[in-house]
1. State which entries of Lys95/Lys159; Lys43/Lys115; Lys77/Lys131 exceed 24 angstrom in Cα-Cα distance in the structure shown.
2. Shape of the chain from its Cα gyration tensor (a ≥ b ≥ c, root eigenvalues): rounded if a/c is under 1.5, otherwise prolate when a/b > b/c, or oblate?
3. What is the distance in Å between the Cα centroid of the stretch 11-59 and that of the stretch 93-159?
Amino acid sequence: MSETKGLILVFTGNGKGKTTAALGMGLRAWGQGMKVLVLQFIKGGWKYGELNAPARLGPGFEIRQLGEGFTRVGNGKSLEEHRAAARAALNEAEKEVAAGNFDLIILDEILYALKFGLISLDEVLALLDKKPPRLHIVLTGRDAPPEIIDRADLVTEMKEIKHHYQKGIRAQRGIEF
Ligand code: ATP
Ligand code: MG
């Protein structure tokens, strides 16, 4: 059997599919008996279907929502509260990366937290530097900065060709949330 080489994978771009690609990869890894952790840096307003996955899939697939909602949308939280939540999420990521309990860690919307200045580029690069050799890490979010792209082994850009929102079709259960 070939040796495991832990990768840094990035799903970025304006098109839909970044988080779902990461979750799909998580499902694939879970199916291989690997242990998967999803840390969500930004908590959306929806009851995301994937949050029900761990209860159904059983051990080996874990999701933790750590952020405080979207900064852009007024959700009653101050920038300071968002910063604190993003920082807590980063600390959790550091802890889990170091602990070695998982084979694949998905840092969902970490690039969004970065884009909005809730955490710094240096902190994210430092986290990636601590990655144990066999651990795979996935980062998602729009506008991956060049330094992260440089550091990654795989980068895929989701490109919007068409989105049903443009036709006024609202978010659909099972598709968006
Ligand atoms: P998904 O979670 O569906 O894979 P994503 O992770 O690529 O989407 P985000 O930037 O995290 O996208 O945005 C989350 C939500 O915004 C999704 O529900 C998605 O449908 C919506 N969205 C993503 N891309 C677009 C777009 N180009 N136009 C309008 N809405 C979008
Ligand atoms: Mg997403």
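Values quoted throughout were computed directly from the atomic coordinates according to the rules given, and no laboratory measurement underlies them. If you're wondering where the values come from, they're calculated on a predicted model, not measured in any experiment.
1. Exceeds cut-off: Lys95/Lys159; Lys77/Lys131.
2. It is rounded, given that a/c, with a ≥ b ≥ c, falls under 1.5.
3. 15 Å
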